[in-house]
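Report on one structure; see the data block that follows.
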Amino acid sequence: MKTTLKTSKIINIIALCLLVLGPYGLPFTGFLQVIAAILFLIVFPKNKMIYLYFILVGVFFTLWDGSITTLNWLLIIPPYLLIHLSLLVHTKKI
């Protein structure tokens, strides 16, 4: 379990580093963050905050129609998801 949590933290750090690539790094960041969240869920299945993360990911992709021009107010959700998961993963101890 400790190894899984450590792997989740490392994946999250790599995802945060990909933000340097700007708009090109965002899809990779999101993908890696979802993988880190799944690993975190395996370690802490009773944590309610990780379920909130997955609900918000689902809400984002449900509301987004795939067009970049209609993202306007939806752009609030990804930075929140990034901060939410990073704080969740890096502050949790086994």
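Quick note: the coordinates plus some simple rules give every number you see, no bench work behind them. No experiment lies behind these values; they were computed from the predicted model shown. Please note: Cβ atoms are built from the backbone with ideal geometry, for glycine as well, and neighbour counts cover all protein chains shown.
Multiplying the residue separation of L56 and M1 by 0.36 nm and removing their Cα-Cα distance gives an extension gain of 17.3 nm. Other residues whose C-beta falls under 12 angstrom from the C-beta of N12 contribute a net charge of +3, scoring Lys and Arg +1 and Asp and Glu -1. Taking Y24, Y53, Y80 as the candidate residues, the one with maximal mean-square fluctuation in a Gaussian network model of the chain, Cα springs under 10 Å, is Y24.
When the Gaussian network model of the chain links Cα atoms closer than 10 Å, the mean-square fluctuations of N47, N12, N72 top out at N72.
If each DSSP helix of 4+ residues adds -39,500 (n - 2.57) and the sum is divided by the residues in the chain, what number results at 222 nm, nearest 500 deg cm²/dmol?
-23000 deg cm²/dmol
Of all complete DSSP H helices in the chain, those with a Cα span along the helix axis of 24 Å or greater and a mean Kyte-Doolittle hydropathy of 0.0 or more are 26-43. Among residues other than M1 with Cβ under 12 Å from its Cβ, the summed charge is +4 (Lys and Arg +1, Asp and Glu -1). For the stretch 1-57, the list of trypsin sites (Lys or Arg not before Pro) that fall in a loop by DSSP and count at most 16 other C-beta atoms within 10 angstrom reads K46. So which residue, out of V43, V57, V20, gets the largest mean-square fluctuation from a GNM of the chain using Cα contacts under 10 Å as springs? Top of the fluctuation ranking is V20.
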